[in-house]
Amino acid sequence: MLTVENTLKWLELFDAKIQAEKDYLSELDTPIGDGDHGNNMSRGLLAVHDALTKQQPTDVQGILKTTAMMLISKVGGASGPLYGTAFLEMAKLSSTTLEVGPLLAAGLEGIQKRGHAQVGEKTLIDVWAPVVKAVEDGTLDVAAIEAAVESTKDMQATKGRASYVGERSIGHVDPGAASSGYLFTTMLMAGVL
Ligand code: ADP
Ligand code: MG
Ligand code: MG
């Protein structure tokens, strides 16, 4: 269940993890993309941090909405609007429920509506979809998240920039899947489940 406290904690931990892994995320994006995923996410989370510090939202919906707006407007790459849409859909649903399962399911649906990717196309979806399922089943743990991230290694990308390199995308972890992995491991660390 999301609360103001654990949602802020989650975003703070996610920001710190993204800043720490910025170079690694851009390295993952180098052989199969344009090498900017770490920089994109770093810029976005820095903006999220600044906006939350300045605005000090007092409800979960406000926190999720501010996060969405910053990611959509500051990230630049394909990942910004996709993550931003996920947070926007979570923000919309948060007036009805603060339960993590339905919120993440709404976020996943938003990413799919926006990016039209299905499971197996080597994107964020390959982490979000199994995580949503595991939350619903009550089985989410760090090992499940890491397995989902790792599963993208053997996939051939058929969406986004990585699809341009065709078969050569096989053998590399998807950068957006890796950053999504951080989103969910920090979610567990923040104790929102
Ligand atoms: P860009 O590709 O514009 O440089 P980023 O490098 O920040 O943007 O983000 C790339 C990541 O975005 C990919 O690793 C992938 O996970 C994700 N992505 C790209 N296109 C899609 C899509 N259509 N649906 C879901 N995720 C996508
Ligand atoms: Mg990129
Ligand atoms: Mg780019």
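The values are calculated or read from the model by the stated rules, or taken from the named source; none is laboratory data. The shown structure was predicted, so the numbers you read here are calculated from the model rather than taken from an experiment. Cβ atoms come from the backbone with ideal geometry, glycine included; neighbour counts cover every protein chain shown.
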Restricting region 149-168 to residues that are crowded, with 23+ Cβ neighbours inside 10 Å and small (G, A, S), the one nearest to Y24 (Cα to Cα) turns out to be A162
Flag if T158 is out of contact with any Pro (no Cβ under 7 Å at 6 or more places or on another chain), farther than 19 Å from G80 by Cβ and within 16 Å of ligand 2 (Cβ to nearest atom):
no
- prompt: Do we have any residue at all in region 121-139 that's crowded, with 19+ Cβ neighbours inside 10 Å and over 17 Å from the mean Cα position of the chain (by Cα)?
  reply: no
ask   = Is region 40-47 home to any residue that is away from ligand 1 (no atom under 16 Å from the Cβ) and either under 22 Å from A178 (Cα atoms) or over 14 Å from the mean Cα position of the chain (by Cα) (or both)?
value = no
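Matching residues to (1) within 11 Å of ligand 1 (Cβ to nearest atom); (2) closer than 24 Å to V60 by Cβ:
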{"position": "T96", "(1), (2)": "no, yes"}
{"position": "L103", "(1), (2)": "no, yes"}
{"position": "A117", "(1), (2)": "yes, no"}
{"position": "K133", "(1), (2)": "no, yes"}
{"position": "E146", "(1), (2)": "no, no"}
For region 161-182, does any single residue satisfy the condition of being outside any helix (DSSP H, G or I) and in contact with a Pro (Cβ under 9 Å, 6 or more places away or on another chain)?
-> yes
Yes/no for G110 being within 14 Å of the chain's Cα centre (by Cα), within 16 Å of ligand 1 (Cβ to nearest atom) and either of a type in the set (F, W, Y) or at pLDDT 95 or above (or both) | yes
L13 passes all but one of the listed conditions (1) over 17 Å from L103 (Cβ atoms); (2) away from ligand 3 (no atom under 16 Å from the Cβ); (3) of a type outside the set (K, R); (4) more than 14 Å from the chain's Cα centre (by Cα); the exception is number (4)
Just one listed residue, out of L64, L88, L71, L52, is surrounded by 23 or more Cβ atoms within 10 Å (Cβ to Cβ) and away from ligand 2 (no atom under 16 Å from the Cβ), and it is L64
Discussion item. Whether any residue in region 97-119 is polar (S, T, N, Q), crowded, with 16+ Cβ neighbours inside 10 Å, within 16 Å of ligand 2 (Cβ to nearest atom) and touching a residue at least 12 places away in the same chain (Cβ under 8 Å) is what I want to check.
Written reply: no
The condition of being within 16 Å of ligand 2 (Cβ to nearest atom) and at pLDDT 95 or above holds, among D15, D29, only for D29
Flagged pairs (Cβ under 7 angstrom, 6 or more apart or on separate chains; first in region 20-45, in contact (Cβ under 8 Å) with a residue 12 or more places away in the chain; second basic (K, R)) are G33/R161; D34/R161; G38/K22; N39/K22; S42/K22; R43/K74; G44/K74
